[in-house]
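K.L.:
Please see the structure below; I have some questions.
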Amino acid sequence: FKMCPGRVLCKLPCSGEKEVDLAVQSAKAAFKIWSQMSGMERCRVMLEAARIIREQREEIATIETINNGKSIFEARVDIDISWQCLEYYAGLAGSLAGEHVQLPGGCFGYTRREPLGVCVGIGAWNYPFQIACWKAGPALACGNAMVFKPSPFTPVSVVRLAEIFTEAGVPKGLFNVVQGGAATGQFLCHHPDVAKISFTGSVPTGMKIMEMAARGIKPVTLELGGKSPLIIFSDCSLENAVNGALMANFLTQGEVCCNGTRVYVERKILDTFTKEVVKRTQKIKIGDPLLEDTRMGALINRPHLNHVQGFIKQAKEQGAEVLCGGDLYVPDDPKLKNGYYMRPCVLGNCKDDMTCVKEEIFGPVMSILPFDTEEEVLERANATKYGLAGGVFTRDIQKAHRVVAALKAGMCFINNYNASPVELPFGGYKSSGFGRENGRAAIEYYSQLKTVCVEMGDVESVF
């Protein structure tokens, strides 16, 4: 592998209806074996997969950087989160259990936690390997099989994950990968032998997947977009708040669904905060993502770069001020000249009704808005169809907990942003989706409960 910005990385045939059916039937056969194994047996296989990923961290991170364009520094973190995810769910696999309930007259009942069957995972292009592990971890721990479709923009690294699962000892076909776009996704969603669909991506696509799943009464997990608020109070640690704002806006070139792109700053520190954010943003090293000191790589493709640039142009037309960045960046290295680079952008003089504040940009664009009171900022922060994440920076711990309790969002941060511990559930409110990934909560979405009622005597008939 080598960096080839602006050029084709590889070509893969799209999976049609026939290939999708073969993948599902293969997974169905593997499910019969895997689901009958004990939790501890599944645990050992998943731990081996985690070990292989940890051992091959550098190689997989390099593949992911070339696959996506993010910095190698970030890609290593993604791979670490991935093996940690598999380790976490391996640990849960052996502890999954139902409960015993004593009933009158010596009778009793119990519940069984059972797998669903063949689950479908459909991933996004911003965290290809990590998202696949987030979906496969709880699915496999519960005894399910999975057919995974990565984004056609980032098809490579998930294939390596499938190879690793095979090396670790899962039954052949338990984790299958199909390649393709919307048509392939439709074949998966409509397949009668698919038991559940987990999707990460845009709100419009999530709506379509939910509609298709409804026809087969299939449960879905939807992790969709966001336009999350980040609230900076004047009593914060300024340096920490600036760090948080940068983390909330510029990871993976700003292509992160839970990014805190609406940065509300208490008016008394607005100028000081803005000046420091602009200074720090201008210092972000852009360039070859495989270099150790690069902190921002290339956007995913030319259409998306144009899409992000269009938002900035519209923001200026609507009265926002570009405080820094927003323009195309051409690295000095001639081999990178066709890359999809831009300078991270900070917008000032923003208003709540501007398109750049209301709509998800999914690029390195931060909008700064002033506020005066806690009540006011909470009303403005919640005035959106999205509800994926939110954050608050303050030294007042009572205020911090009060604010996050009032935020209509599924993932909230206090004095940090974009932390991704696998132990904590992740998911959204409102149009940002439902269901949860990570944490024990994900087990609920990859298993089903069977209730058994046992009569110890004769049935007493009323007839």
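The values are calculated or read from the model by the stated rules, or taken from the named source; none is laboratory data. Everything quoted here is computed from the prediction, not taken from an experiment. Glycine gets a Cβ as well: all are built from the backbone with ideal geometry, and neighbour counts include every protein chain shown. Note: areas computed on protein heavy atoms with side chains; ligands, DNA, RNA excluded. Shrake-Rupley method; radii C 1.70, N 1.55, O 1.52, S 1.80 Å.
K.L.:
Each residue of segment 413-427 in turn: what ³J(HN,Hα) in whole Hz from Karplus with 6.51, -1.76, 1.60 and θ = phi - 60°, glycine and Pro shown as x?
P.N.:
These are the phi-based 3J(HN,Hα) values: 10, 10, 6, 7, 7, 6, 6, 10, x, 5, 5, 9, x, 9, x Hz.
K.L.:
Additional query: Arranged from highest to lowest average of other beta-carbon atoms within 10 Å per residue, in what order do the peptides 414-426, 436-448 appear?
P.N.:
So the order, starting with the most tightly packed, is 436-448, 414-426.
K.L.:
So for segment 229-414: antiparallel DSSP bridges make up what percent, rounded to the nearest 5?
P.N.:
Around 15 percent of the beta bridges assigned by DSSP in segment 229-414 are antiparallel ones.
K.L.:
Can you work out the accessible area per residue across the chain, with the rest of the protein chains kept in place, probe 1.4 Å, in square angstrom?
P.N.:
43
K.L.:
I've got another one for you. Report the accessible area of residue 32, computed with a 1.4 Å probe over the heavy atoms of all protein chains in place, in Å² rounded to the nearest 10.
P.N.:
Number for this one is 140 Å².
K.L.:
Around residue 78, what is the net charge, scoring Lys/Arg as +1 and Asp/Glu as -1 over all other residues with Cβ under 11 Å from its Cβ?
P.N.:
Spelling it out: positives minus negatives among the neighbours equals 0.
K.L.:
Taking Cα centroids, how far is segment 157-173 from segment 177-193 in Å?
P.N.:
The two parts, judged by their Cα centres, are 20 Å apart.
K.L.:
Then there's this: Relative to the longest principal Cα axis of the chain, at what angle does helix 39-55 sit, 0 to 90 degrees, rounded to 10?
P.N.:
The angle comes out near 30 degrees.
K.L.:
Between the helical axis of 270-282 and the dominant principal axis of the chain, each derived from Cα atoms, what acute angle in degrees is found, rounded to the nearest 10?
P.N.:
80
K.L.:
Now, a different point. Hey, how much of the P(r) for segment 1-126 falls beyond 19 Å, as a percent of Cα pairs?
P.N.:
68
K.L.:
Carbon and sulfur atoms: what percent of the 1.4 Å accessible area of the chain do they account for?
P.N.:
Summing carbon and sulfur atoms, their accessible area is 54 percent of the total for the chain.
K.L.:
A further question on this structure: Which of the aspartates and glutamates could be linked to residue 268 by a straight reach, that is with a Cα gap under 18 Å, when you skip same-chain ones fewer than 8 residues away?
P.N.:
Residue 268 reaches 235, 239, 276, 372, 374, 375, 376, 396.
K.L.:
If you fit an axis through the alpha-carbon atoms of helix 203-215 and take the longest principal axis of the Cα set of the chain, what angle between them do you get, 0 to 90°, nearest 10?
P.N.:
Approximately 20 degrees, to the nearest ten.
K.L.:
When only Cα pairs under 8 Å and 6 or more residues apart are kept, what is the percent relative contact order across the chain?
P.N.:
Taking the mean separation of contacting Cα pairs over the length of the chain, I get 19 percent.
K.L.:
Rounded to the nearest 500 deg cm²/dmol, what is the calculated helix-only ellipticity per residue at 222 nm for the chain, with -39500 (n - 2.57) per DSSP H run of length n ≥ 4?
P.N.:
Computed mean residue ellipticity for the chain: -12500 deg cm²/dmol.
K.L.:
What FRET efficiency would be calculated for the residue pair residue 397, residue 275, taking the C-beta separation as r and a Förster radius of 30 Å, to the nearest 0.05?
P.N.:
For residue 397 and residue 275, the calculated efficiency is 0.65.
K.L.:
Next question, about the same structure. For residue 190 and residue 453, FRET efficiency with R0 = 41 Å and r from the beta-carbon atoms, rounded to 0.05?
P.N.:
Step by step, r from the Cβ atoms, then E = 0.70.
K.L.:
Give the Kirkwood hydrodynamic radius (Å, one decimal) of the chain, defined as one over the mean of 1/r across all pairs of different Cα atoms.
P.N.:
Result for the chain stands at 23.3 Å.
K.L.:
A further question on this structure: How big is the accessible area of residue 456 in square angstrom, nearest 10, if you roll a 1.4 angstrom probe over the protein chains?
P.N.:
Here the residue's solvent-accessible area equals roughly 120 Å².
K.L.:
Follow-up. Just check segment 218-313 against the gyration tensor rule for me: Cα atoms, a ≥ b ≥ c as the square roots of the eigenvalues, rounded for a/c under 1.5, and otherwise prolate or oblate depending on whether a/b exceeds b/c.
P.N.:
It is oblate, given that a/c is not under 1.5 and a/b is not larger than b/c.
K.L.:
Net charge near residue 33: determine it from the other residues with C-beta under 12 Å of the C-beta of residue 33, scoring Lys and Arg +1 and Asp and Glu -1.
P.N.:
+3
K.L.:
Please report, in debye to the nearest 20, how large the charge dipole of the chain is about its Cα centre when each Lys and Arg carries +1 at its beta carbon and each Asp and Glu carries -1 there.
P.N.:
The calculated dipole for the chain is roughly 820 debye.
K.L.:
Counting Lys and Arg as +1 and Asp and Glu as -1, what is the net charge of the other residues whose Cβ lies under 14 Å from the Cβ of residue 356?
P.N.:
That sum, taken over residues with Cβ under 14 Å, equals 0.
K.L.:
What is the gain in length, in nm to one decimal, between residue 163 and residue 17 on full extension, counting 0.36 nm per residue of separation less the C-alpha to C-alpha distance?
P.N.:
That works out to 50.3 nm of additional length.
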